[in-house]
1. Could you say which residue among C43, C22, C70 is more than 23 Å from N106 (Cα to Cα), under 14 Å from the mean Cα position of the chain (by Cα), surrounded by 12 or more Cβ atoms within 10 Å (Cβ to Cβ) and at pLDDT 95 or above?
2. Would you mind stating whether S81 is under 13 Å from the mean Cα position of the chain (by Cα), without any contact (Cβ under 8 Å) to a residue 40 or more places away in the chain and within 20 Å of P29 (Cβ to Cβ)?
3. Going through region 13-28 one residue at a time, which ones are over 13 Å from L69 (Cα atoms) and either assigned to a helix (DSSP H, G or I) or of a type in the set (S, T, N, Q) (or both)?
4. List pairs: first residue in region 88-113 and of a type in the set (V, I, T), second residue surrounded by fewer than 15 Cβ atoms within 10 Å (Cβ to Cβ) anywhere in the structure, Cβ distance under 7 angstrom, at least six positions apart or on different chains.
5. Could you tell me which residue of region 84-113 is nearest to the chain's Cα centre (by Cα), considering only residues that are part of a loop (DSSP other than H, G, I, E, B) and among the β-branched types (V, I, T)?
6. Condition first: at pLDDT 95 or above and surrounded by fewer than 16 Cβ atoms within 10 Å (Cβ to Cβ). Can you find one or more residues in region 2-12 that meet it?
7. Scan region 25-40 residue by residue and report those that are among the aliphatic types (A, V, I, L, M) and surrounded by 14 or more Cβ atoms within 10 Å (Cβ to Cβ).
8. Tally up the residues in region 29-55 that are without any contact (Cβ under 8 Å) to a residue 24 or more places away in the chain and either not charged (D, E, K, R) or not in a loop (DSSP other than H, G, I, E, B) (or both), please.
Amino acid sequence: MEAMSAIIREQNTVRELYNFICISENLKPILIKFCKTGKGGACVVYSGKKCNSIHIDLNNTSIGSAYVLCHEIAHQILITSCGDAKHGKEFKKICKTLEKKYVNCNVAKKLIF
């Protein structure tokens, strides 16, 4: 029971961090789902330049939740701006900028994973 409440707290904190980043970066929030994602620990579900949701598997991530979220938000930014979901130079630049701003912010410090 305790492990489940820790997961629920983590999910709520990830949502809180996502909302904080969306407000700070002037992004339109999309749905965050916590579910199995196959090989990776997270993904953005999209069609063309429209992002539908971010899926995160907290049990299958090899880095902290804040890093995972910044990674997926970088994809969200590039998908909505130019339809690009690749891990290219621009992606890495956006991801690194987001990580520097948000991985150690007050909201992210509440994360367990």
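1. On the way: C22 fails: more than 23 Å from N106 (Cα to Cα); C70 fails: more than 23 Å from N106 (Cα to Cα).
The match here is C43.
2. Details: under 13 Å from the mean Cα position of the chain (by Cα): no; without any contact (Cβ under 8 Å) to a residue 40 or more places away in the chain: yes; within 20 Å of P29 (Cβ to Cβ): yes.
Taking the combined requirement at face value, the residue does not satisfy it.
3. Looking only at region 13-28, we keep the residues that are over 13 Å from L69 (Cα atoms), and these are 23-28.
Selection gives I23, S24, E25, N26.
4. Once the first residue is of a type in the set (V, I, T) and sits in region 88-113, its partners that are surrounded by fewer than 15 Cβ atoms within 10 Å (Cβ to Cβ) give V107/E16; I112/A6.
5. Pass one, region 84-113, residues part of a loop (DSSP other than H, G, I, E, B): 84-88, 103-107, 111-113.
Still in the running and among the β-branched types (V, I, T): 103, 107, 112.
Values: V103: 11, V107: 14, I112: 15 Å.
Of everything passing the filter in region 84-113, V103 is nearest to the chain's Cα centre (by Cα).
6. There is at least one residue in region 2-12 that is at pLDDT 95 or above and surrounded by fewer than 16 Cβ atoms within 10 Å (Cβ to Cβ).
7. Kept after step one, since they are among the aliphatic types (A, V, I, L, M), are these residues of region 25-40: 27, 30-32.
Scanning region 25-40 gives L27, I30, I32.
8. Taking region 29-55 as the starting set, the residues that turn out to be without any contact (Cβ under 8 Å) to a residue 24 or more places away in the chain are 29, 31, 33, 35, 37-40, 45, 47, 52-53, 55.
Then drop every residue that is not either not charged (D, E, K, R) or not in a loop (DSSP other than H, G, I, E, B) (or both), which leaves 29, 31, 33, 35, 37-38, 40, 45, 47, 52-53, 55.
Count: 12.
The values are calculated or read from the model by the stated rules, or taken from the named source; none is laboratory data. On a predicted model such as this, the values are computed, not experimentally measured, just so you know. Positions of Cβ are backbone-derived with ideal geometry, glycine not excepted, and every protein chain shown enters the neighbour counts.
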